[in-house]
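**Student:** I have a structure here, written as structure tokens, and I will follow up with some questions on it.
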Amino acid sequence: REVTGGAGADVVLDGAGGAIGRAAFEVTAGGGRFSAHGAPSGGFAVLDPAEAEKRDITVSGIGDLQLAPEEMRQVLARALAEAVDGRMRPVVGRTFPLERAADAHAAIEAREVIGRTLLLP
């Protein structure tokens, strides 16, 4: 709030969730926008809808991008057809032997790999 002269931020992108996300919501300006799109802390920030409404804060996030079950089935069917036809392939960034699963996990956590990380039996 000090940085914004006490007004708070007009737009907050919460990529942490949990207590950090909740604290970020607290500094969202009245009439502002709050987007919850990450929860590496173990869960999304718990927000009070009545408080958001009272402060005229628009709350959105990754949950708003969820598809209805029938739409999800259609998208999945198309994606699988593309994969079967060879037009869609995953990007494999790195492979690890199964006995080095802990190293693979550490590489993922450290964001050292672009693409998928595979364990090889």
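**Student:** Taking the condition of being open to solvent by 70 Å² or more (accessible area, probe 1.4 Å) and of a type in the set (S, T, N, Q), how many residues in segment 1-14 meet it?
**Tutor:** Residues in segment 1-14 being open to solvent by 70 Å² or more (accessible area, probe 1.4 Å) and of a type in the set (S, T, N, Q): 0 in total.
**Student:** Right, next: Could you count how many residues in segment 65-117 are at positive phi and touching a residue at least 12 places away in the same chain (Cβ under 8 Å)?
**Tutor:** 1
The values are calculated or read from the model by the stated rules, or taken from the named source; none is laboratory data. All values reported here derive from a predicted model rather than from experimental measurement. Using ideal geometry, Cβ is built from the backbone for each residue, glycine included, and neighbour counts are taken over all protein chains shown. With ligands, DNA and RNA removed, areas are computed over all heavy atoms of the protein, side chains included. Shrake-Rupley method; radii C 1.70, N 1.55, O 1.52, S 1.80 Å.
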